[in-house]
Amino acid sequence: MTPEELLLLAEINGFNADYGARLDAGDFAAWPDFFAPEGLYRIIGRENFDAGRPLCIMQLEGQGMMRDRVYGINNTLFHAPYFQRHVIGMARLLAPPAEDGIAAEASYAVFRTRPASNMAGGGVSEVFNVGRYLDLFRRQPDGRLRLLRRDCVFDSELILNSLIYPI
Amino acid sequence: MTPEELLLLAEINGFNADYGARLDAGDFAAWPDFFAPEGLYRIIGRENFDAGRPLCIMQLEGQGMMRDRVYGINNTLFHAPYFQRHVIGMARLLAPPAEDGIAAEASYAVFRTRPASNMAGGGVSEVFNVGRYLDLFRRQPDGRLRLLRRDCVFDSELILNSLIYPI
Amino acid sequence: MTPEELLLLAEINGFNADYGARLDAGDFAAWPDFFAPEGLYRIIGRENFDAGRPLCIMQLEGQGMMRDRVYGINNTLFHAPYFQRHVIGMARLLAPPAEDGIAAEASYAVFRTRPASNMAGGGVSEVFNVGRYLDLFRRQPDGRLRLLRRDCVFDSELILNSLIYPI
């Protein structure tokens with residue numbers, strides 16, 4: 001591993017730590033800024049992904065659609081709120097970094113906790129969604145990494161209740 | 001990310017790996033030494049923490065109280081023993097490192113396994129407690145990082161049975 | 001932490017990320033190459049390990065036995081397939097790196113998802129096996145790290161159904 005790769009991986013790991021922490025804090029308004037303006041975000045089941053089928057449970061094209069989703073979460077979507085907790089593994093590069101993008105992957109586990117007061121079965125933290133981030137980063141003119149694309153390819157075939165927040 | 005920040009983060013990640021490994025090995029006697037002599041340790045629910053309420057499920061002020069807790073665990077607390085397993089995410093700095101402290105955060109998941117022989121439902125590993133470490137480190141005169149404060153802010157609202165060991 | 005240790009730890013973390021990703025992708029044929037030709041692989045319960053008892057639930061001595069296991073998985077072992085997902089914590093060195101080996105440890109959590117279509121209770125991701133990798137690496141003549149030995153020391157006392165794939 002070269003010092004350049006080491007620094008790049010540390011930067012991606014730092015990016016992922018920030019990404020997870022903001023979502024877990026419920027700071028959804030900060031979430032679209034992890035993407036390039038034209039970024040693509042998908043949450044897709046592993047079987048569909050592997051078979052090349054396009055069906056996703058969430059697909060947002062560009063920061064505009066992402067901000068719309070955030071508005072929905074905060075204002076219009078009727079849902080029982082829950083806490084998320086991301087634990088994200090170390091990133092690995094999938095190809096030598098190139099000018100037009102840096103391809104990387106990281107495993108994640110997201111745990112969900114529903115309020116004990118709101119429903120039966122609440123209060124206990126559960127495995128909610130596990131999978132991998134399949135990413136394409138591009139360095140922006142301000143020098144910061146942003147996601148051109150993040151596919152959350154999840155193993156879980158059944159989504160416990162509904163999935164409301166980004167993963 | 002500067003080389004200095006990279007080294008500091010690697011040091012904190014190494015600290016957290018050691019911290020989790022010692023607890024998971026049941027080496028509780030080593031645990032107070034992760035703190036400065038006057039260190040504060042709290043395990044607090046996310047809702048209480050966010051609302052500024054002081055109620056914790058564990059609050060230990062200084063290494064003396066921590067050693068007392070360890071003595072209790074090993075000698076006087078009546079409890080069904082269990083195994084813990086920490087998986088800790090990458091740390092992130094919450095502010096530029098300062099002379100009087102380094103503020104950092106990391107997600108954690110702790111899994112618990114109760115002995116199969118001791119009780120019904122034993123033997124299977126369960127999600128026990130998930131949350132984040134909210135930390136203030138200070139470099140000690142011997143050059144090593146120690147915790148001035150660690151708040152374990154956990155999402156889980158119901159604690160499966162009782163929580164005996166530090167998180 | 002010296003720059004040399006930092007680079008070595010980053011290399012081990014990268015190794016573990018690759019290791020988990022290959023297994024999670026079901027690319028079992030790539031798995032024996034994470035070991036030295038004479039490498040030893042064991043999956044052993046914590047209680048047996050701590051008591052010095054040799055009983056393992058999987059013990060493979062050398063790449064030949066590993067390749068045989070992979071052949072079995074892909075061709076002869078009758079089993080209900082499932083997905084695995086590794087989330088692996090940061091590695092820590094257990095001793096100063098030596099010429100004849102680098103001793104390291106890392107916590108892992110493996111989640112399992114069985115296909116929803118195949119059975120009752122399928123589709124949901126579960127905690128399958130948690131524990132720690134207790135490793136001895138040796139740098140090979142080609143400059144790459146390989147495992148002389150990996151003990152997967154798991155906390156879980158009950159294995160949900162059967163454990164078929166390497167951990």
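The values are calculated or read from the model by the stated rules, or taken from the named source; none is laboratory data. Fair warning: this is a prediction, and the values are worked out from it, not measured in the lab. Cβ atoms come from the backbone with ideal geometry, glycine included; neighbour counts cover every protein chain shown. The protein model used for the area step is the full one, side chains on, heavy atoms only, and it has no ligands, DNA or RNA in it. Shrake-Rupley method; radii C 1.70, N 1.55, O 1.52, S 1.80 Å.
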(request) For B:Gly39, enumerate residues with amide H under 5 Å from its amide H, sequence gap 5+ or separate chain, H modeled in the peptide plane. (result) B:Gly62, B:Gln63
(request) Using amide H atoms built 1.01 Å from N in the peptide plane, name the residues 5+ places from B:Leu94, or on other chains, whose amide H lies under 5 Å from its own. (result) B:Ala103, B:Ala104, B:Glu105
(request) State, as an integer percentage, the relative contact order of chain B based on alpha-carbon contacts under 8 Å between residues 6 or more apart. (result) 24
(message) I need the peptides B:92-99, A:55-62, B:16-23 ranked by packing, meaning the mean over residues of other C-beta atoms within 10 angstrom, with the highest value on top.
(response) B:16-23, A:55-62, B:92-99
(message) Debye calculation, C-alpha points only, no solvent: report log10 I(q)/I(0) for region A:24-100 at q = 0.17, 0.25, 0.28 Å⁻¹, in the same order as the q values.
(response) -0.96, -1.31, -1.26
(message) Report the C-B buried area as the accessible area lost on both sides summed, probe 1.4 Å, in Å² to the nearest 100.
(response) 2100
(request) Sticking with the crude label model, points 7 Å out along Cα→Cβ, report the distance from C:Asn75 to B:Asp18 in nm, one decimal please. (result) 4.9
(request) Answer with one residue from A:Phe78, A:Phe154, A:Phe34: the one whose Cα lies farthest towards the positive end of the charge dipole of chain A, charges on Cβ with Lys, Arg +1 and Asp, Glu -1. (result) A:Phe78
(message) Give the separation of the Cα centroids, region A:90-142 to region C:17-37, in Å.
(response) 22
(request) With a 1.4 Å probe and every protein chain left in place, work out the accessible area per residue of region C:45-124 in Å², rounded to a whole number. (result) 50
(message) Using each residue's phi in region C:92-103, evaluate 6.51 cos²θ - 1.76 cosθ + 1.60 at θ = phi - 60° and report the 3J(HN,Hα) Karplus result to the nearest Hz, with x for Gly and Pro.
(response) 9, 7, 9, 7, x, x, 10, 4, 8, x, 10, 8
(message) Under the rule of at least 5 residues apart or a separate chain, name every residue whose amide H is placed under 5 Å from the amide H of B:Ser156.
(response) B:Val130
(request) Take every residue in peptide B:99-108, count the Cβ atoms of other chains within 10 Å of its Cβ, and give the average of those counts. (result) 2
(request) Measure nothing fancy, just the Cα-based angle from helix B:3-24's long axis to the longest principal axis of chain B, in degrees from 0 to 90, nearest 10. (result) 20
(request) Sort the protein assembly as shown into rounded, prolate or oblate with this rule: let a ≥ b ≥ c be the square roots of the eigenvalues of the Cα gyration tensor; rounded if a/c is under 1.5, and if a/c is not under 1.5, prolate when a/b is larger than b/c, oblate otherwise. (result) rounded
(request) Enumerate the calculated ³J(HN,Hα) couplings along region A:55-67 in order (Karplus 6.51 cos²θ - 1.76 cosθ + 1.60, θ = phi - 60°), each rounded to whole Hz, writing x wherever the residue is Gly or Pro. (result) 5, 10, 8, 8, 9, 10, 10, x, 4, x, 5, 5, 5
(message) Would chain A count as rounded, prolate or oblate if I go by the C-alpha gyration tensor, calling it rounded below 1.5 in a/c and otherwise prolate when a/b exceeds b/c, oblate otherwise?
(response) prolate
(request) Enter the mean number of other protein chain beta carbons within 10 Å of the beta carbon of each residue in C:124-137, as an integer. (result) 5
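On the protein heavy atoms, probe 1.4 angstrom, tell me the percent of accessible surface of chain C carried by carbon and sulfur.
The nonpolar share, carbon plus sulfur, comes to 53 percent.
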(message) With n ≥ 4 as the cut-off for DSSP H runs, can you work out [θ] at 222 nm for chain A, using -39500 (n - 2.57) per run divided by the number of residues, rounded to the nearest 500?
(response) -6500 deg cm²/dmol
(message) Using a 10 Å cut-off around each Cβ of peptide B:149-157, what is the average number of partner chain Cβ atoms that fall inside?
(response) 4
(request) Taking each label point as 7 Å beyond Cα in the direction of the beta carbon, state the distances from B:Glu5 to the same residue in the other copies, shortest first, in nm. (result) 2.3, 2.3
(message) With the label 7 angstrom out along Cα to Cβ, how close does B:Ala30 come to the same site in each of the other copies, in nm, nearest first?
(response) 3.3, 3.3
(request) Provide an ascending nm list, one decimal, of label-point separations from B:Asp18 to the equivalent residue in each further copy; define each label point as 7 Å from Cα along Cα→Cβ. (result) 2.8, 2.9
